[in-house]
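Peer 1: Have a look at this one.
Read the figures in this text as sums done on the coordinates, not as results from a lab. Being a predicted model, the structure only gives us computed values, none of them experimental. Virtual Cβ from ideal backbone geometry, glycine too; neighbours counted across all protein chains shown.
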Amino acid sequence: MASLPKRIIKETERLVLDPVPGINAVPHEDNLRYFQVTIEGPQQSPYEDGVFELELFLPDDYPMEAPKVRFLTKIYHPNIDRLGRICLDVLKANWSPALQIRTVLLSVQALLASPNPNDPLANDVAEDWLKHEDEAIAKAREWTKQYASRK
Amino acid sequence: MPRKAKLEEQISSVTDPRDFLRTQIPELSDVDTLLRCHICKGFLKTPVLTPCGHTFCSLCIREYLNRELKCPLCLAELRESMLKSEFMVSELVTSYASLRAKLLEFLDSSKNSRTVALTSDTSVIEIPEHHTKISNDDTNDDDDIQIIETRESRPSKRTSDLVLMSHKKSRKDSSKSGITSLFSKTKSPPSQQDLANCPICGKSYHVEHLQRIHLDECLTLGALDQPEPANSSSIAEKAPPTPEKSSAVVEPIAKRSIKPSVNVETTHYNRYIESAQKKNVTRLAKLNFSSMSLQQLKNKLSSLKLPTIGTRQQMMNRYNHYEMLWNSNFIDSINSVDERELRRRLASWEASHNGSEPIQRTSAISKFLNKNPTSVMEGFKTDRFDRKGWMRSHQKVFRRLMKEAKEGLKRSRKSRPENVSADEAKETYDSSLQHNESISSETNAVPSNQLLTKADTFATSSQSSTAL
């Protein structure tokens, strides 16, 4: 393995030249396996109008192993805990090397659009979500306003 | 910045299906995409077919099947023994890959010659460079035909060269700032002086590219590519240097593309036809290491003429990788290389993947890791890792980290009042596995590069190993 695999170069090139709407991923100057990512909250979700920062790291075994993704911006979401870790199948058991950075980030965006409190990572948030959905959504909206920088 | 230069070199060697989008037949990008492996995104190398109808590089899919027994595309169950080689696709891809550059150039340059007026923003600085190119062209004729052919637009001769090339370049030169600019396809042609001929395939490359990347590739893929460069160079000799001046921009391309394509096609076709005659080499079996003694393992390795040094784990990895190379080479491939070459590939893989990491870490955690045998770190990245045991045995370090983090918090609180609360730092403790990531970025006190340092040392180590 001569430093960076071609696949990573290719993916990065594509991300930079042909970005996904609402998602921005830029490799770090010193480490091209580390990406600074921003995702816009999807429309009609409690997270709309928010811009969320994430970090993404491609482990040595990528693409055999899933990328590591974490929210840096605080977010009120049943599948994202307060350390920013994400409960998402394609990041764990359902990872496949045919997936790529682009598809993973799209899945994260989709997770924002449809929270799943039945498979929680942040238990307290999920409980809130199940018991008083309106309040939880309002709180998510409030956190978005407070922590996620405005567009 | 040698690293950046190296990266640039690497980026310029990467092809992408979207290269065709700016040509006359953008639909070709679809063909280009289809002939690529979904795992490595490169052209299929020794393609194999799964029972579910998907095609991957033999090595890519075998490596993945060492981890998961399913198809990466449809998640259907899959085992190595189910893979079938696809000679047809294999020849199709190699044939296409050898034609690709010409195809691209043909479609691109003919477009250029028609839209000269549109792209006439030639900058002044670039012209001298091309002047030197052309003058070189005049002095030593034979060599340069080859150089131009493999690197840039061969057909463009003498004066017409100047117009065409400078347009080509100016179009590509839309540079952005920062690291992202590296990825925006600024492929500046290397200056003539830095070109050198590869001793193996005879093509000319940029010196650095030759030393760092190409020689290795050429040695590895030598067997696969051999017929192709031999062809193209003989064609280059046959084709008389066209004396026509400006009118000869498009014409020679057409001539050339007809001639070699016949040649190339027959070679690939013949190879496909002859592929039915299979050699009698047996598949290497997977081993059940848990029931093997160390001596048995060593015997097995030495019977394959593999080195028996290293830990048990390293020997197991060595066997597994060799088994993969072996089966891919002797079972899937049309033109197999001999065992010696396989062992050479294994050695170059080991140099970057299976060694004990050369360590040069600075942070507290890493120093601590240095003291511990690497076996502790086994499974660190997987779910099998014993998190609780890890937490118990390293409580001290976590305590100290928490202290550091809290101090960092106090400091950063002065500058940014509503940051993270202290109980979050406590939670960091609970999630011991994530400690370095989370502490560092939550508090901003410890720089968030512990993850990066590790990857960095890895990168440098593999760089030095490729130099061997």
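Okay, residues lined up against (1) under 28 Å from B:MET316 (Cβ atoms); (2) hydrophobic (A, V, I, L, M, F, W, C); (3) free of Cβ contacts under 8 Å to residues at least 12 places away in the same chain:
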site: B:GLN24; (1), (2), (3): no, no, no
site: B:CYS37; (1), (2), (3): yes, yes, no
site: B:HIS54; (1), (2), (3): no, no, no
site: B:LEU75; (1), (2), (3): yes, yes, yes
site: B:GLU91; (1), (2), (3): no, no, no
site: B:LEU107; (1), (2), (3): no, yes, no
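Peer 1: OK, next. Could you tell me how many of the residues in region A:62-77 are charged (D, E, K, R) and not in a strand (DSSP E or B)?
Peer 2: Looking only at that region, the number is 2.
Peer 1: Pick out the one residue from A:LYS6, A:LYS74, A:LYS92, A:LYS68 that is at the interface with another protein chain (Cβ under 9 Å from one of its Cβ atoms) and touching a Pro at 6+ places or on another chain (Cβ under 7 Å).
Peer 2: A:LYS68
Peer 1: Still on this structure, please answer the following. Looking only at region B:37-49, which residues are surrounded by fewer than 21 Cβ atoms within 10 Å (Cβ to Cβ) and over 13 Å from the mean Cα position of the chain (by Cα)?
Peer 2: B:LEU49
Peer 1: Considering only region B:73-88, how many residues are under 22 Å from B:ARG283 (Cβ atoms), part of a loop (DSSP other than H, G, I, E, B) and either of a type in the set (Lys, Arg) or facing chain A (nearest Cβ under 8 Å) (or both)?
Peer 2: Result for region B:73-88: 1.
Peer 1: For A:TYR47, all conditions in the list (1) touching a helix residue (DSSP H, G or I) at 6+ places or on another chain (Cβ under 6 Å); (2) within 29 Å of B:ALA351 (Cα to Cα) hold save one; what is the number of the exception?
Peer 2: Of everything listed in (1) touching a helix residue (DSSP H, G or I) at 6+ places or on another chain (Cβ under 6 Å); (2) within 29 Å of B:ALA351 (Cα to Cα), A:TYR47 misses just condition (2).
Peer 1: Scan region B:292-350 residue by residue and report those that are aromatic (Phe, Trp, Tyr) and either under 30 Å from B:TYR269 (Cα atoms) or in contact with a Cys (Cβ under 7 Å, 6 or more places away or on another chain) (or both).
Peer 2: B:TRP326, B:PHE330
Peer 1: Counting only residues that are under 17 Å from A:THR103 (Cα atoms) and acidic (Asp, Glu), which one in region A:9-48 is nearest to the other protein chains (Cβ to nearest Cβ)?
Peer 2: A:GLU13
Peer 1: If I go through region A:74-105 residue by residue, how many of them are surrounded by fewer than 19 Cβ atoms within 10 Å (Cβ to Cβ) and touching a residue at least 60 places away in the same chain (Cβ under 8 Å)?
Peer 2: Qualifying residue count, region A:74-105: 2.
Peer 1: Could you list, in sequence order, all residues of region A:13-33 that are closer than 20 Å to B:LYS41 by Cβ and in contact (Cβ under 8 Å) with a residue 24 or more places away in the chain?
Peer 2: A:ARG14, A:LEU15, A:VAL20, A:ILE23, A:ALA25, A:LEU32, A:ARG33
Peer 1: What's the number of the only condition in (1) in contact (Cβ under 8 Å) with a residue 24 or more places away in the chain; (2) assigned to a loop (DSSP other than H, G, I, E, B) that A:VAL108 fails to meet?
Peer 2: Going through the list (1) in contact (Cβ under 8 Å) with a residue 24 or more places away in the chain; (2) assigned to a loop (DSSP other than H, G, I, E, B), A:VAL108 breaks only (2).
Peer 1: Taking the criterion of being facing another protein chain (nearest Cβ under 9 Å), more than 25 Å from B:CYS74 (Cα to Cα) and part of a strand (DSSP E or B), would at least one residue in region A:78-88 satisfy it?
Peer 2: Scanning region A:78-88, I find at least one residue that is facing another protein chain (nearest Cβ under 9 Å), more than 25 Å from B:CYS74 (Cα to Cα) and part of a strand (DSSP E or B), so the answer is yes.
Peer 1: If I ask for residues that are within 11 Å of another protein chain (Cβ to nearest Cβ) and part of a loop (DSSP other than H, G, I, E, B), which ones from region A:49-61 would you list?
Peer 2: Residues satisfying the conditions are A:LEU58, A:PRO59, A:ASP60, A:ASP61.
Peer 1: Return the residues of region B:29-70 that are over 22 Å from B:TRP326 (Cβ atoms), out of contact with any strand residue (DSSP E or B) (no Cβ under 8 Å at 6 or more places or on another chain) and within 11 Å of chain A (Cβ to nearest Cβ); say none if nothing qualifies.
Peer 2: B:LYS41, B:HIS54
Peer 1: Collect the residues in region A:20-48 that are among the hydrophobic types (A, V, I, L, M, F, W, C) and part of a loop (DSSP other than H, G, I, E, B), keeping them in residue-number order.
Peer 2: A:VAL20, A:LEU32
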